[in-house]
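Shown next, in structure tokens, is the structure this report addresses.
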Amino acid sequence: MGAPALDLHHVSLAVTDIERSRQFYQDMFGLHLLPRPPFESRGAWLGVGSLQVHLVEYRAGTFRTRSVASTLDIHFGFNARDFDGFVAHATSLGFSEDAAEGDPKRLMMRRDGPAGFPQVYLLDPDNNIIEVNGAP
């Protein structure tokens with residue numbers, strides 16, 4: 001007997017400032033605000049296609065202390081229909097491929113990496129790593 005069929009529903013991220021993080025995800029990725037049940041914690045549910053990103057304000061959470069994006073560390077990925085358009089958008093918001101390692105607004109670019117499609121990694125305001133790729 002095999003495992004039941006599943007679809008990914010959401011990714012949940014601990015953040016330290018819900019409004020700052022909500023604004024970042026809406027501005028950077030164009031996510032839209034979804035209704036959220038009246039949990040005791042502060043948070044925001046954001047929609048992206050049929051999936052969701054849940055932000056939960058949890059100051060005691062496990063936060064990365066370094067402002068360095070690594071492909072080996074925990075991250076989640078968005079697929080961009082227009083990869084170069086996304087990179088241009090991120091650049092317009094102050095992110096840069098040329099920023100020094102350790103700069104929280106550095107874009108870590110892999111245009112010809114082993115995945116076979118372009119990838120860029122960036123950090124949210126709490127150093128959560130996000131991949132955006134141009135996978136077919």
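Miscellaneous remarks
- Look at segment 29-58: where a residue is farther than 20 Å from residue 125 by Cβ, no partner that is at pLDDT 95 or above and of a type in the set (Ser, Thr, Tyr) sits 6+ places away or on another chain with Cβ atoms under 8 Å.
- Residues considered: 32, 9. Of these, the only one that is surrounded by fewer than 12 Cβ atoms within 10 Å (Cβ to Cβ) and within 28 Å of residue 88 (Cβ to Cβ) is 32.
- Against the list (1) outside any loop (DSSP other than H, G, I, E, B); (2) without any contact (Cβ under 8 Å) to a residue 40 or more places away in the chain; (3) within 25 Å of residue 61 (Cβ to Cβ), the condition residue 104 fails is (1).
- Residues that are surrounded by 15 or more Cβ atoms within 10 Å (Cβ to Cβ) and assigned to a loop (DSSP other than H, G, I, E, B), drawn from segment 43-66: 58, 64
Per-residue answers, yes or no, for (1) touching a Pro at 6+ places or on another chain (Cβ under 9 Å); (2) in a loop (DSSP other than H, G, I, E, B):
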{"position": "84", "(1), (2)": "yes, no"}
{"position": "88", "(1), (2)": "no, no"}
{"position": "94", "(1), (2)": "no, yes"}
{"position": "112", "(1), (2)": "yes, yes"}
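- The sole residue among 68, 15 that is modelled with pLDDT of 95 or more and in contact with a strand residue (DSSP E or B) (Cβ under 9 Å, 6 or more places away or on another chain) is 15.
The values are calculated or read from the model by the stated rules, or taken from the named source; none is laboratory data. As the structure is a computational prediction, the values presented were derived from the model and not from experiment. Cβ atoms come from the backbone with ideal geometry, glycine included; neighbour counts cover every protein chain shown.
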